[in-house]
């Protein structure tokens with residue numbers, strides 16, 4: 001475990017998917033995957049106002065939000081020593097629903113997190129579209145972060161064994177652009193830059 005805030009922020013800036021855990025009105029534990037973005041000292045999520053789980057976590061109840069990033073596979077001498085390299089964190093707190101200009105700003109943060117610069121390429125949402133969208137933030141006040149980066153170490157009895165061990169970096173990145181069938185516009189700069197970032 002680490003208490004390094006920079007490690008937490010770096011992880012949040014490197015991931016776009018989180019899992020939000022809460023207890024529903026009937027006492028059942030629930031976990032929902034959703035897109036996420038760090039916005040200064042808070043994280044932001046958004047979705048439809050018709051979403052049952054968003055309405056639930058928007059009422060101020062306690063939630064836990066987990067994020068993780070896998071950067072490699074640890075190949076150990078034995079099965080018990082095999083695992084992954086990466087970072088993970090769990091955030092604890094409550095979500096707050098945004099309105100007005102803060103709501104618009106939160107939407108821009110979410111959009112530009114996935115496609116940097118995209119908010120400057122699209123029109124502003126209408127009042128009806130905004131009314132159908134919920135935007136919420138949670139402060140980064142309570143959290144736990146873990147960094148997994150140790151190399152595999154053989155048990156004493158296997159120290160001289162001829163079994164390979166080490167790590168394999170993983171990067172599932174392709175950067176392939178696939179326009180929608182109804183698309184009639186040229187590929188915008190934000191999409192080209194994103195694809196370039198994902199090309200290795």
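Values for this structure:
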quantity	calculated
Number of the condition not met by residue 146 [criteria: (1) surrounded by 15 or more Cβ atoms within 10 Å (Cβ to Cβ); (2) more than 18 Å from residue 21 (Cα to Cα); (3) in contact with a strand residue (DSSP E or B) (Cβ under 8 Å, 6 or more places away or on another chain)]	(1)
Residue, farthest from the chain's Cα centre (by Cα), within the stretch 81-102, restricted to residues that are in contact (Cβ under 8 Å) with a residue 60 or more places away in the chain and outside any strand (DSSP E or B)	81
Test for residue 54: is it under 16 Å from the mean Cα position of the chain (by Cα) and either assigned to a loop (DSSP other than H, G, I, E, B) or over 30 Å from residue 165 (Cβ atoms) (or both)	no
Answer from 125, 116 - the residue that is in a loop (DSSP other than H, G, I, E, B), over 16 Å from the mean Cα position of the chain (by Cα), more than 21 Å from residue 7 (Cα to Cα) and touching a residue at least 12 places away in the same chain (Cβ under 8 Å)	125
Test for residue 106: is it in a helix (DSSP H, G or I), in contact (Cβ under 8 Å) with a residue 24 or more places away in the chain, crowded, with 17+ Cβ neighbours inside 10 Å and within 23 Å of the chain's Cα centre (by Cα)	yes
Residues (surrounded by 10 or more Cβ atoms within 10 Å (Cβ to Cβ) and at pLDDT below 70) located in the stretch 178-198	198
Residue match in the stretch 79-100 (condition: surrounded by fewer than 17 Cβ atoms within 10 Å (Cβ to Cβ), at pLDDT below 95 and in contact with a helix residue (DSSP H, G or I) (Cβ under 7 Å, 6 or more places away or on another chain))	no
Qualifying residue in the stretch 156-169 (condition: in contact with a helix residue (DSSP H, G or I) (Cβ under 8 Å, 6 or more places away or on another chain) and modelled with pLDDT under 80)	yes
Lone unmet requirement of (1) modelled with pLDDT of 95 or more; (2) in contact with a strand residue (DSSP E or B) (Cβ under 7 Å, 6 or more places away or on another chain); (3) over 14 Å from residue 137 (Cα atoms) for residue 28	(2)
Residues being within 14 Å of residue 150 (Cα to Cα) and either in a strand (DSSP E or B) or at pLDDT 95 or above (or both) - total across the stretch 67-78	6
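Here is a yes/no grid of residues against (1) in contact with a helix residue (DSSP H, G or I) (Cβ under 7 Å, 6 or more places away or on another chain); (2) free of Cβ contacts under 8 Å to residues at least 12 places away in the same chain; (3) part of a loop (DSSP other than H, G, I, E, B); (4) loosely packed, with under 12 Cβ neighbours inside 10 Å:
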{"site": "8", "(1), (2), (3), (4)": "no, no, no, no"}
{"site": "19", "(1), (2), (3), (4)": "no, no, no, no"}
{"site": "34", "(1), (2), (3), (4)": "no, no, no, no"}
{"site": "47", "(1), (2), (3), (4)": "yes, no, no, no"}
{"site": "61", "(1), (2), (3), (4)": "no, no, yes, no"}
{"site": "65", "(1), (2), (3), (4)": "no, no, no, no"}
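The values are calculated or read from the model by the stated rules, or taken from the named source; none is laboratory data. Note that this is a predicted model, so its numbers are computed, not measured. As a convention, Cβ positions derive from the backbone with ideal geometry for all residues, glycine included, and neighbour counts pool all protein chains shown.
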